[in-house]
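Rule-based calculations on the coordinates, nothing more; no lab input. This one's a predicted model, so the numbers in the text were calculated from it and none came from an experiment. Don't worry about glycine lacking a Cβ; one is built from the backbone with ideal geometry, like all the others, and counts go over all protein chains shown.
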Amino acid sequence: VPPLSSKYAVVRVDLRGWGKSTVPPEGYPWSMDNFASDIKKLMDKLGLQKVHLVGTKMGGRIAIHFARDYPDRLHSMTLITTPMALNTMPNASREQAPKTAEGKKGLEHWVRSTMQERIGKVDPEMMEWWIKLYSSHSPRVVSEVFDLAWGTDETSNLAKIKVPTLVIDSKAHPRRSLDGIKKWQSLIADSKLVVIPVANEGRMIAVSEPYACAAALLGFLDDLSHKKSQATAQGEVC
């Protein structure tokens with residue numbers, strides 16, 4: 001946040017059911033479209049007509065749906081370590097993820113067993129902070145939203161994206177190749193890829209390499225601002 005907030009107003013969203021947002025009742029129809037609609041409603045409430053939307057992991061998949069459905073509300077989109085699908089990854093299994101019936105104990109066990117893969121070999125205090133954050137969520141929400149993420153694939157939506165897009169990723173994910181990332185990124189017409197070198201091999205580089213991600217994002221936004229200024233100077237309407 002500090003590097004970004006020096007130039008931009010930063011709004012961080014607790015998605016429905018996560019963080020301090022309300023946990024919906026059982027039977028709520030989870031979908032990427034509903035998550036995207038929630039963001040639009042929040043923007044309307046805050047009086048934000050257009051934003052630079054940044055999503056990490058599943059947040060990036062939600063951003064894709066937002067950009068597809070509400071392109072007039074975006075200046076740009078940034079996707080950080082965003083998988084297009086989970087069920088196509090080598091050695092991935094839905095059975096590895098937490099289930100509602102396992103409760104808080106099962107959720108924390110899953111979080112502890114997978115956190116180093118996410119954020120790499122970081123300071124123990126930082127590791128414990130993230131474990132507590134993940135474990136604080138509703139086991140039912142985590143399980144149901146994981147089912148949503150497991151059962152969807154965003155690849156078919158990419159060609160429908162018409163806003164400038166930055167993709168930030170690394171070579172650290174054990175089940176996603178850089179060639180595969182480049183392949184789907186190329187389906188977004190106005191897009192570029194920035195690869196972040198990682199020292200601790202964590203796949204969640206927004207956590208393990210936040211300043212590098214922020215620098216890549218600021219460079220992208222500066223380029224957009226420069227292009228807009230050039231177009232305005234030439235008499236084009238932006």
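Key figures
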| item | result |
| --- | --- |
| Mean Cβ count within 10 Å, highest first, over the residues of peptides 188-201, 164-177 | 164-177, 188-201 |
| Degrees between helix 32-46 axis and first principal axis of the chain (Cα, 0 to 90, nearest 10) | 60 degrees |
| Summed side-chain charge close to Leu42 - residues other than Leu42 whose Cβ falls under 13 Å, Lys, Arg +1, Asp, Glu -1 | +3 |
| Stokes-Einstein translational diffusion, segment 1-62 - Kirkwood Rh over all Cα pairs, 1.567 mPa s, 4 °C, in µm²/s | 99 µm²/s |
| Where only alpha carbons of segment 158-238 are counted, the Rg and the Dmax (Å) | 15.1, 48 |
| Relative contact order of the chain, defined on C-alpha pairs under 8 angstrom at six or more residues apart (%) | 21 percent |
| Counted charge near Tyr134, where neighbours are those whose Cβ lies closer than 13 Å (Asp, Glu -1; Lys, Arg +1) | +2 |
| Residue pairs, from the table Lys40/Lys182; Lys41/Lys132; Lys162/Lys228, whose Cα atoms sit over 19 Å apart | Lys40/Lys182; Lys41/Lys132 |
| Gain in span if fully extended, Leu15 to Ala101, counting 0.36 nm per residue against the direct Cα distance | 28.7 nm |
| For segment 21-151, size of Cβ-based charge dipole, Lys and Arg +1, Asp and Glu -1, in debye | 140 debye |
| Three-way shape call for segment 127-204 based on the alpha-carbon gyration tensor, with the a/c threshold at 1.5 | oblate |
| For the chain, the fraction of alpha-carbon pairs in successive 5 Å shells from zero, as % | 1, 6, 12, 17, 20, 19, 13, 7, 3, 1, 1, 0, 0 |
| FRET E, pair Ser5, Asp69, Förster distance 22 Å, beta-carbon r, rounded to 0.05 | 0.20 |
| Between helix 103-119 and the chain: long-axis angle, C-alpha atoms, 0 to 90°, nearest 10 | 50 degrees |
| Förster radius 41 Å - calculated FRET efficiency between Trp130 and Gln230 (Cβ-Cβ, nearest 0.05) | 0.45 |
| Tilt relative to the chain, helix 58-69 - C-alpha long axis, 0 to 90 degrees, to 10 | 40 degrees |
| Dipole of the chain, positive end: most advanced residue of Met115, Thr22, Ile39 [Cβ charges, Cα centre] | Ile39 |
| Given charges at beta-carbon only (K, R positive; D, E negative), |dipole| of the chain in Debye | 140 debye |
